[in-house]
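Novice: Before we start, here is the structure in question, set down as structure tokens.
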Amino acid sequence: MTRKEYLIKQKDEKGRKLFGIFPAQYPREILWAMNVVPVEIWDPPLKVSHANAHVQPYICSVVKLGLELILQGKCDDLDGFLFPHTCDSIQNLASIVYNYLGLEKPCYFFYHPKAPYRDSSRLYYLEQLKVLVSRMEKQLGPLDLSVLKQCIERGQQVASVLRDLYGLRARGELKASNSEFYQVIRQGEYFHPDDFLPLLEEFLAASKGQADSGPSVILSGILPNPMGILTFLDNLGIRVAYDDFMIGSRRLLIPPSDLPDPFEQLTESYFRMPPCTTRASPIAQRRDYLFNMIDDATGVKGVIFYMVKFCEPEWFDIPNLVDELKTREIPALVLEIELNQEFSGQVATRLEAFMEMIGI
Ligand code: SF4
């Protein structure tokens, strides 16, 4: 079933609303509890034609493709949009869509706090959750707190299976290829958790087992697009042991919280998420997160930063992270890519040279 077919079914058969969600972090449990399926918009497979007239040429392709999706009329089935306060580029996109495109769809904004965090940041986040709920209630009706608690539990079950998958993969105990792994976990970007959880459990059961005992690398960046990098590594027998992707571990491996109040639970989880540039996490935290991955995983030979072109938040950290890796003599390769482009020969050559350098 295609993504579109799945979503139409959610709407027609389950009576759920569909919201287009721009990257990256948002309280998905609140949307589930309000009978909304969050449909994340990261890298729709489109050729950019209309969006160039609205944005500067040096904006990232996540924003360009998201805007293109709207301009091509491919969001007509959606019942609203949510723009988290991820970066300046998403803020600009939110402003274009909300103020200038004249779409007759509700737009919501979610302003999560950036580091450094203080006690007031927690209060602010809690307040933002409630503000979002009160705005959405006008469109969707009242939020039932007992349903929200159930949805948080569902989210924790999903995160728990994902942690198992990441743990097995890091130890070389997952047979799935790199491409299969990301094809499965990325379905969580639009699947309802009632469908995503069994899918993950099935994948976990089918994939447990010794991986080929080849070397491994860690991938960092926003997302694995072009997918060519995954097939390239698969063909060389190189395992991705762990990722520091924004669509991956940075958002998915959320530690559980058992606080009694659901809003407090969501708040605690937010502040315990792995470090991320879009939350202005200090470089030392990102460095330690990478070092922990390297120490926990087996056979890691190097780190590949698979960077989306013009992604400012990520580029601020890269030189420092590469220097930090050098202090431990861990080789790093930085690749800059445009989404949905061919996996170029130039990228393949640089990867081959890197592999040779690290002795693969
Ligand atoms: S975080 Fe980077 S890739 Fe994502 S929307 Fe912002 S600039 Fe684009």
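What follows is calculated from the coordinates using simple rules that are stated; it is not laboratory data. In this text, all values refer to a predicted model and were calculated from it rather than measured experimentally. Here the Cβ is made from the backbone with ideal geometry for all residues, glycine too, and neighbour counts use every protein chain on show.
Novice: So how many residues does the range 67-88 have that are within 10 Å of the ligand (Cβ to nearest atom) and over 16 Å from the mean Cα position of the chain (by Cα)?
Specialist: 1
Novice: Continuing with this model, one more query. For LYS64, only one of the following conditions fails: (1) over 20 Å from ASN225 (Cα atoms); (2) free of Cβ contacts under 8 Å to residues at least 24 places away in the same chain; (3) within 11 Å of the ligand (Cβ to nearest atom). What is its number?
Specialist: (1)
Novice: Sticking with this one: Name the pairs: first residue in the range 236-259 and under 14 Å from MET293 (Cβ atoms) and touching a residue at least 24 places away in the same chain (Cβ under 8 Å), second residue more than 15 Å from the ligand (Cβ to nearest atom) and among the polar types (S, T, N, Q), Cβ to Cβ under 6 Å, at least 6 apart or on different chains?
Specialist: From residues that are under 14 Å from MET293 (Cβ atoms) and touching a residue at least 24 places away in the same chain (Cβ under 8 Å), the pairs are ARG239/SER216; VAL240/ASN178; ALA241/SER216; ASP243/SER249.
Novice: Here's another thing I want to ask about it. Could you please find all residues in the range 343-356 being over 15 Å from PHE305 (Cβ atoms) and assigned to a helix (DSSP H, G or I)?
Specialist: Residues satisfying the conditions are GLY345, GLN346, ALA348, THR349, GLU352, ALA353, MET355, GLU356.
Novice: Among the residues of the range 16-30, is there at least one that is within 22 Å of the chain's Cα centre (by Cα) and free of Cβ contacts under 8 Å to residues at least 60 places away in the same chain?
Specialist: Looking for residues that are within 22 Å of the chain's Cα centre (by Cα) and free of Cβ contacts under 8 Å to residues at least 60 places away in the same chain, one finds none in the range 16-30, hence no.
Novice: Within the set of pairs 6+ apart or on separate chains, which have a first residue in the range 301-327 that is closer than 15 Å to GLN285 by Cα, a second that is within 12 Å of the ligand (Cβ to nearest atom) and in a strand (DSSP E or B), and C-beta atoms under 9 Å apart?
Specialist: Close Cβ pairs (under 9 Å, with a partner that is within 12 Å of the ligand (Cβ to nearest atom) and in a strand (DSSP E or B)) amount to GLU314/GLY221; GLU314/MET307; GLU314/VAL308; ILE318/MET307.
Novice: Mind checking which strands (runs of 3 or more DSSP E) fall wholly inside the range 215-329 and carry at least 2 residues that are acidic (Asp, Glu) and touching a strand residue (DSSP E or B) at 6+ places or on another chain (Cβ under 7 Å)? Quick ask: steps written out before the conclusion?
Specialist: Working: elements: 216-221, 239-245, 300-308.
Counting at least 2 such residues, we get 239-245.
Novice: Could you please find all residues in the range 328-360 being surrounded by 13 or more Cβ atoms within 10 Å (Cβ to Cβ) and without any contact (Cβ under 8 Å) to a residue 12 or more places away in the chain? Don't jump to the end; show me each part of the working.
Specialist: Step one: of the range 328-360, the residues surrounded by 13 or more Cβ atoms within 10 Å (Cβ to Cβ) are 330-341, 343-344, 347-348, 350-352, 354-355, 358, 360.
If the condition is that a residue be surrounded by 13 or more Cβ atoms within 10 Å (Cβ to Cβ) and without any contact (Cβ under 8 Å) to a residue 12 or more places away in the chain, then SER344, GLU352 are the ones that fit.
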